[in-house]
Amino acid sequence: MPTADIVIVNWNSGSMLRECIQSILDHRDGVGKVVVVDNGSSDNSAQLPQHLAAACDIVLANENLGFAKACNVGASRCQSPYILFLNPDARLIENSVAKAISFMESSEGQQYGICGIKLIGKHGNIERHCANFTDPSTYLGQALGLGGRFPRVFTPHFMRDFDHTHSRPVDQVIGAFFFVRRSLFNELSGFDERYFVYFEEVDFALRARKRGAATYYIADTTAYHYGGGTSENVKAKRLFYSLRSRLQYAREHFSTPGFLMTAAITLGLEPFTRLAQAGLRGSLADAGNVLHAYVMLAKSAVAGGQNTSR
């Protein structure tokens, strides 16, 4: 059976990284090389016990390269026919990797370039993580709080109506367990590094689809995903990066009117609805995070314009 190399990007993940790597060592069927790219962690999480460190190719970036770039650095050290991008808050179980390989090697799987598997959350629930490619209506629905109520009007991002209990083609699977043919990854020059974090796997899946390499969700093999990871403690920055990546994605993949509509929603409507929601919750902290995120977004736009003018 061919093997899959695993790339893990670490940034202040604490004990989660050690637990993730241990789960790989416990279930190595189909696994080739394990590459850990540390994005300048300050919590000593990259200082692994000897038996774990010996099983990995560890790259110390000494700075936060961003998720997309760190993934590309890790992928450049891979040699197997497949690459699994695995979050440190995920855990493999028996056959998590082997069954993904078996499907991709099957006659049915030949048309697919990417696959994901069933993910079980920390409370034992099946995560409904498969997603649709978004359009401007997605963000209008989110801003107005109407997306979940009217999915036929506002294209939902995550496929909440799909129970994830059977296998099927999907637009996109979550980046926590993102299994891709290395040949496709190289053909597309990896993840687009303009996405510091968020939307890099959405962009990749759409570019792959345009090349005729679709995405498939496999329901009969499983991994655990605790969710949240280390970004829970940086809410303002998380919102900033999400919004900036959204606008980059819209600029890249939407029509000009679609991009302008998305920008108008993101910059003109959404700040006020987010602040209103924070007010209804009585959370000054949430309101502060929203304001901080939009200040960072404005500064980023000014800096980007200056860089472009040069």
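Some values worked out for this structure:
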quantity	calculated
Number of positions in region 124-144 that are part of a helix (DSSP H, G or I) and buried (at least 17 other Cβ atoms within 10 Å of the Cβ)	8
Residue 100 touching an Asp or Glu at 6+ places or on another chain (Cβ under 6 Å), touching a residue at least 40 places away in the same chain (Cβ under 8 Å) and open to solvent by less than 10 Å² (accessible area, probe 1.4 Å)	no
Test: residue in region 43-60 that is touching a residue at least 24 places away in the same chain (Cβ under 8 Å), of a type in the set (S, T, N, Q) and buried (at least 22 other Cβ atoms within 10 Å of the Cβ)	no
Subset of region 1-59 [in a loop (DSSP other than H, G, I, E, B), over 20 Å from the mean Cα position of the chain (by Cα) and more than 24 Å from residue 115 (Cβ to Cβ)]	42, 43, 44, 45, 46, 47, 48, 49, 54, 55
Residue in region 163-176 that is hydroxyl-bearing (Ser, Thr, Tyr), closer than 27 Å to residue 30 by Cα, open to solvent by 40 Å² or more (accessible area, probe 1.4 Å) and touching an Asp or Glu at 6+ places or on another chain (Cβ under 8 Å) present	yes
Options 120, 126, 101, 114; residue that is closer than 30 Å to residue 1 by Cβ, aliphatic (A, V, I, L, M) and touching a Lys or Arg at 6+ places or on another chain (Cβ under 7 Å)	126
Odd one out for residue 118, checked against (1) in contact with a His (Cβ under 7 Å, 6 or more places away or on another chain); (2) part of a helix (DSSP H, G or I)	(2)
Close pairs from region 267-286: first of a type outside the set (Gly, Ala, Ser), partner assigned to a helix (DSSP H, G or I) and surrounded by 12 or more Cβ atoms within 10 Å (Cβ to Cβ), Cβ under 6 Å, at least 6 apart	269/143; 270/143; 271/294; 273/143; 274/290; 275/287; 275/290; 286/278
Residue check, residue 66 surrounded by fewer than 23 Cβ atoms within 10 Å (Cβ to Cβ) and under 27 Å from residue 217 (Cβ atoms)	yes
Selected residue [in contact (Cβ under 8 Å) with a residue 40 or more places away in the chain and either of a type in the set (Gly, Ala, Ser) or surrounded by 12 or more Cβ atoms within 10 Å (Cβ to Cβ) (or both)] from 147, 121	121
Pair list, Cβ < 6 Å and 6+ apart or interchain, from region 1-17 residues that are closer than 20 Å to residue 99 by Cβ to residues that are polar (S, T, N, Q)	3/80; 4/80; 5/80
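The values are calculated or read from the model by the stated rules, or taken from the named source; none is laboratory data. Remember, predicted model here, so these are calculated numbers, not experimental data. A quick note on method: Cβ atoms are made from the backbone with ideal geometry, for glycine too, and the neighbour counts reach across all protein chains shown. To get the accessible areas, we keep the full protein, side chains included, count just its heavy atoms, and leave off ligands, DNA and RNA. Shrake-Rupley method; radii C 1.70, N 1.55, O 1.52, S 1.80 Å.
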